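Please read the structure below before turning to the comments.
The values are calculated or read from the model by the stated rules, or taken from the named source; none is laboratory data. These numbers were taken from a predicted model, which means no experiment stands behind them. Heads up, the Cβs are rebuilt from the backbone with ideal geometry, glycines too, and the neighbour counts pull from every protein chain shown. SASA here: full protein model, heavy atoms, side chains in, ligands and nucleic acids out. Shrake-Rupley method; radii C 1.70, N 1.55, O 1.52, S 1.80 Å.
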Amino acid sequence: MSTMRAFRLAFLLLMALLPSIASAAAPATWKPPAGTTEFPLWPDGKVMAPPKLKGPEQVSETVSKASGEHWMMLQNVAVPTLTVFPAKGLPNGTAVMVVPGGGYNVLAMDLEGSEICDWLTAQGITCALLKYRVPASGPNWDRQCNCRDIPAVPMALQDAQRAMGLLRAQAARWRIDPQRLGVIGFSAGGHVVAGLSTHAQRSYAALDAADAQSSRPDFAMVMYSGHLWAGHGKGLSLVKDIVVDDTVPPTFIAQATDDPTDDVRESLAYYQALIDAGVPVEMHLFARGGHAFGVRMKDAPVAAWTGLAERWMQDIGMLPKRPL
């Protein structure tokens, strides 16, 4: 074979392989499941602040050191979105926004996101999954300086407030009651939920009619949250950015006492503050369950939390009561 012919064959082979090589090299990002609707939270160019991106938006699978669970880790979110999962069967008018955790650095989009929506939609609830800006969009541990970092702009809270306003403004579109709009957050997402519940005012300048809607939920669920307890030597005091009064909505709290990531006093401190303010609150602590159990752990008492949450939502009038 001549040198020129060999070169031509090699070139043609390279051209044929380029699409698959590019596809393999391109970082995959999170895609909404079929049958859902994703839309951006902010008008083009109106996102309040960019996160400290360390690359393109992409997902990878990771294993939790605490629970051993494999979960989808979404990194470098510059364009926050909301994805609406329609209720299965006949919608009952209640909606819940899901705020995944990830230490304010990544997002657990399946373990504490789409899997939670699957549970909620099976109850006739419309689910809205929040993809908020990361990294460093709330109180976090910066590994580069080995120090605690509190961003000047509370990006995750801004995204959550914007999302709540949009859901209320678009209530007719999603067939939901704007006065039956709840929120559930996990780990760092629990801190977002506490922020939503305790901040009456927006943390950004209003942009449009959606921002005239209340950003406070009608009910809230805080799951194994971090960033709530002031720390050792301060009793059960809350951190300074969470100030509880009697306008906080009814709240459900759950955590495992063997959680190696977030001390159970995170939940206890928030519970105590809610009790002191006269806020209706229900808390469940489990001896075993670790951190980031989501809805996966089936062999421990902590698996009962979903049934307890359903019963609680019925008790506060957010779910229809089932016949005995």
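The angle between the Cα long axis of helix 265-277 and the longest principal axis of the Cα atoms of the chain comes to about 40 degrees, rounded to the nearest 10. Antiparallel beta bridges, as assigned by DSSP with both residues in segment 36-187, represent about 70 percent of the total such bridges.
Distance between the modelled labels on residue 211 and residue 298, one decimal in nanometres: 4.7 nm (7 Å Cα→Cβ projection). Think of the chain as a dipole: +1 on every Lys or Arg Cβ, -1 on every Asp or Glu Cβ, centred on the Cα centre; then among 185, 165, 309, 165 lies furthest on the positive end. Using only side-chain charges placed at the Cβ, +1 for Lys and Arg and -1 for Asp and Glu, the dipole size of the chain relative to its Cα centre rounds to 840 debye. Solvent-accessible area assigned to carbon and sulfur over the chain amounts to 58 percent, based on a 1.4 Å probe. Ignoring lysines fewer than eight residues from residue 234 along the same chain, the ones with Cα atoms less than 29 angstrom from its Cα are 65.
The calculated FRET efficiency for the pair residue 79 and residue 169, based on their C-beta separation and a Förster distance of 22 Å, comes to about 0.65.
Charging the Cβ of each Asp and Glu at -1 and of each Lys and Arg at +1, and nothing else, the dipole of segment 237-317 about its Cα centre rounds to 280 debye.
Inter-label distance, residue 288 to residue 246: 4.3 nm, where each label sits 7 Å from its Cα along the C-beta direction.
Summing charges over neighbours of residue 29, with a neighbour being any other residue whose Cβ is under 13 Å away from its Cβ, gives 0 when K and R count +1 and D and E count -1. Any chance you could give the angle, 0 to 90 degrees and rounded to 10, that helix 305-315 forms with the longest Cα principal axis of the chain? Taking Cα atoms only, the helix is inclined about 50 degrees. Spacing of the modelled spin labels on residue 60 and residue 232, each 7 Å from Cα toward Cβ, amounts to 3.2 nm.
Per residue, segment 174-259 exposes 37 Å² of solvent-accessible protein surface, assessed with a 1.4 angstrom probe and all protein chains in place. Angle check, please: helix 3-25 long axis (alpha carbons) against the longest principal axis of the chain (alpha carbons), in degrees 0 to 90, nearest 10. Tilt relative to the chain: about 0 degrees. Net charge in the neighbourhood of residue 227 (other residues with Cβ under 13 Å of its Cβ; Lys, Arg +1, Asp, Glu -1) is -2. Bridging of residue 46 to lysines at a Cα separation below 26 Å is possible for 31, 54, 131, once same-chain residues fewer than 8 apart are set aside.
With the highest mean first, a sort of the peptides 103-109, 128-134, 74-80 on other beta-carbon atoms found within 10 angstrom per residue produces 128-134, 103-109, 74-80. For segment 213-272, the residue among 223, 243, 256 whose Cα projects farthest onto the positive side of the dipole built from Cβ charges is 243.
Length available on full extension from residue 142 to residue 277: 0.36 nm per residue minus the Cα-Cα distance, which gives 45.2 nm. Remark: segment 273-324 carries a charge dipole of roughly 260 debye about the Cα centre, counting +1 on each Lys and Arg Cβ and -1 on each Asp and Glu Cβ.
Within the chain, antiparallel bridges make up roughly 50 percent of the DSSP beta bridges whose residues both belong there. For the peptides 276-288, 302-314, the ranking by packing is 302-314, 276-288, with the highest mean count of neighbouring Cβ atoms within 10 Å listed first.
Comparing 113, 185, 55 in a Gaussian network model of the chain (Cα springs below 10 Å), the most mobile by mean-square fluctuation is 55.
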